[in-house]
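Report on the following structure.
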Amino acid sequence: MSTAAVTSAAIASPERADDAAVVRLAVALQLVAIDPRGLGGLVLRGADARVVQRLVAQLGVLMADDDADEVPVRRVPLGVSDDRLLGGIDLAATLSAGRLVRERGVLAAADGGVVVLPSAERATAGVISAVIGALDAGEVIVERDGIASRDAARVVVVACDDHHDDEPAIAASIADRLGIHVNAERLATIPEVDAAAVRRARAALHRVDVPDDVLEAICAMAEACGVAGTRATLLCTRAARACAALGARDVVSADDVSLACAIVLAPRATRLPALPPEDAPSEAPPEPPPPAESSADAHAPEDAATPPPPPDDRPLEDIVREATVAAIPPDLLAALLARAGAGPRQQGRVGDESTSLLRGRPRGARRGDPRGGARLHVIETLRAAAPWQRVRTREGVARGRVAIRRDDFRVRRFIERTGTTVLFVVDASGSSAIARLGEAKGAIELLLTESYARRDRVSLLAFRGTTCEELLPPTRALARARRVLAALPGGGGTPLAIAIDRAVAGALAARRAGTAPVLVFLTDARANIARDGSPGRPQAQLDALSSAAALRPLGISTLFIDTSPRPDAFAQRVAEAMGARYVPLPSADARAMAALVRGVADAAG
């Protein structure tokens, strides 16, 4: 049996899960070291910090071209600045020399080596963007502060994903670019890998050919696993080529592609691929008669070599499918389905980000006047002035002093997160809405219990007759909300257009107050009161569609819950006109409604 077949069998073996994790990691290290630019790197899920350190050191040894060589290994800490990551001005050297001195960043310093992202799920968008640029282009371009540079940054990225099930995971934009994902939560043994074999495979990689049937099998497996896009199939193909090179083969075999799908596609699976039905034979074939023993066979030793097993004549797609299904963790799809059912959720999400000069999380600096309450960023001010010191010295500034001009001033910039205001717009008209009011009350109370930690606010607007009244202004006061909800009345006509206009005004007011508004309509959309208060269904429906169309361009996250006994066509038209998510809810409870609203609020924030 080939090396690929042995590792594939070990990975898929449910009886030896710990050994399978070690084998999987050993294979991952070898394949990434064989084709570092093609596979991009690793995602390590739940690995201990000491384990990560040893694994990165092992990967560096495998990537070296000789036992005496060392490849650079750089760690990107959380909160790293752009100058440290991408490169910028060496402030001390520039002020000392009186001329511009450039400093290389972490990515450029790691050229040809490994970049480690600890707690990658908490990395900022700027760090993720910079790392993605290095992975895609193999270089870092800096054009700012008088610097125009282009440095090589051909790196392998090891991203450590330490999120829990109810927390946001590593950004998909970088996870998709890293070929192999490994779960190292219970990993205690570090695999030992033959570096010389990896170097031989890296030198022979360009000779490996991928047949057309292998490409078709990989694409079919990606579709069966629900893996969208072409990047995963390309990464899987590169992993299969690296596996063939490791086994000293010039053509990718079925074992190679099975292993590649197990370590590249299986961790990305969003559904379980169906195995082909087994065709029962019409009748059992007759057993062959036992061969007659010869005199030579009678005296043959008992431990004589047994004949090799017959070749596997199944189609390549079936072999690959079986290996991939066996490699999918048993709890992976359950977690995916749980997250999908709960909607998009981000722990700690508290609304939109807004720029502030006074408070919040630091987010660099910008040119500005330090008066008016803004805070002067001394280091960035000196950094802006440093390139001009030689010119200003010739203009008469005493040598040894730093000349600062008004244009050099940099003020601190902060990012302040704001809360979310959820505005419930409840149809209180007629007897059919009475049951829905109870569900709305329960949903609002459930959301209020979470609002203290999330800084969300909840408001309640009820419409009936010819008016839409704000019964509960934006608040997090649970006791006050309960009192108002208990007294919520019902009955009368359905002024839907008036309710939409009033809800838009409340959402815009919440936006001006610095929060992200979310509108939740609970109605059967049976409008019969026009905008001017006159009765009549045709005009009332036209006004409702007109108001809904005016809501759409405002970009307000909106959820439209149809409370009709069965989905109503006009309700769907209104939801489509306002650009809302339409949810027919003929039977619901407070918890189901709260889960829907929470998902929309999380997406808005």
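The values are calculated or read from the model by the stated rules, or taken from the named source; none is laboratory data. This is a predicted model, so every value here is computed, not measured. In this analysis, Cβ positions are derived from the backbone assuming ideal geometry, glycine residues included, and neighbour counts consider all displayed protein chains.
Descriptive notes on the structure:
- Within segment 57-74, the set of residues being of a type in the set (A, V, I, L, M, F, W, C), surrounded by 17 or more Cβ atoms within 10 Å (Cβ to Cβ) and outside any helix (DSSP H, G or I) comprises ALA64, VAL71, VAL73.
- Among the residues making up segment 109-145, a single one is exposed (fewer than 15 other Cβ atoms within 10 Å of the Cβ) and basic (Lys, Arg): ARG144.
- Segment 498-537 - residue that is farther than 20 Å from SER564 by Cβ and among the polar types (S, T, N, Q) and, of those, surrounded by the fewest Cβ atoms within 10 Å (Cβ to Cβ): SER534
Per-residue answers, yes or no, for (1) over 32 Å from the mean Cα position of the chain (by Cα); (2) hydroxyl-bearing (Ser, Thr, Tyr):
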position	(1), (2)
THR467	yes, yes
ILE500	yes, no
ALA516	no, no
LEU519	no, no
ASP524	yes, no
ARG537	yes, no
THR563	yes, yes
PRO567	yes, no
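- For segment 453-492, taking the residues that are under 11 Å from THR421 (Cα atoms) and among the hydroxyl-bearing types (Ser, Thr, Tyr), the one that is modelled with the highest pLDDT is identified as SER459.
- Out of ALA171, ALA175, ALA120, ALA134, sole residue that is outside the structural domain of ILE263 (by TED's automatic domain parsing) and under 30 Å from LEU100 (Cβ atoms): ALA134
- The set of residues in segment 486-497 that are buried (at least 24 other Cβ atoms within 10 Å of the Cβ) and either more than 26 Å from PRO584 (Cβ to Cβ) or not β-branched (Val, Ile, Thr) (or both) comprises PRO495, LEU496, ALA497.
- Strands (runs of 3 or more DSSP E) contained in segment 492-592 and holding at least 1 residues under 19 Å from ALA428 (Cβ atoms): 516-523, 557-562
- Filter result for GLY533 (at pLDDT below 85 and small (Gly, Ala, Ser)): no
- From the options SER587, SER557, residue that is over 16 Å from LEU496 (Cβ atoms), modelled with pLDDT under 90 and within 32 Å of the chain's Cα centre (by Cα): SER557
- Breaking point among (1) more than 30 Å from VAL52 (Cα to Cα); (2) free of Cβ contacts under 8 Å to residues at least 40 places away in the same chain, for ALA220: (2)
- Top-ranked residue of segment 560-579 - restricted to ones that are touching a Leu at 6+ places or on another chain (Cβ under 6 Å) and at pLDDT 90 or above, ranked as surrounded by the most Cβ atoms within 10 Å (Cβ to Cβ): MET578
- When ARG74 is tested against (1) over 30 Å from TRP388 (Cα atoms); (2) of a type in the set (Lys, Arg); (3) at pLDDT below 80, only condition (3) is not met.
- Residues in segment 111-158 that are within 18 Å of ASP35 (Cβ to Cβ) and assigned to a loop (DSSP other than H, G, I, E, B): ASP111, GLY112, GLY113, GLY138, ALA153, ARG154, VAL155.
- Residue pairs whose Cβ atoms lie under 6 Å apart, sitting 6 or more positions apart in sequence or on different chains, and linking a residue in segment 49-71 that is touching a residue at least 60 places away in the same chain (Cβ under 8 Å) to a partner that is surrounded by 12 or more Cβ atoms within 10 Å (Cβ to Cβ) and small (Gly, Ala, Ser), are VAL61/ALA195; LEU62/ALA33; LEU62/ALA195; MET63/ALA33.
- Just one of the listed residues (ARG84, ARG24, ARG54, ARG50) is among the charged types (D, E, K, R), crowded, with 21+ Cβ neighbours inside 10 Å and assigned to a helix (DSSP H, G or I), namely ARG24.
- For the criterion of being under 27 Å from LEU187 (Cα atoms) and in contact with a helix residue (DSSP H, G or I) (Cβ under 9 Å, 6 or more places away or on another chain), VAL71 passes.
- Wholly within segment 163-265, helices (runs of 4 or more DSSP H) carrying at least 2 residues that are buried (at least 24 other Cβ atoms within 10 Å of the Cβ) and modelled with pLDDT of 90 or more: 231-246
- Segment 493-526, subset under 22 Å from ALA549 (Cβ atoms) and either of a type in the set (Ser, Thr, Tyr) or outside the structural domain of GLU469 (by TED's automatic domain parsing) (or both), residue modelled with the highest pLDDT: THR494
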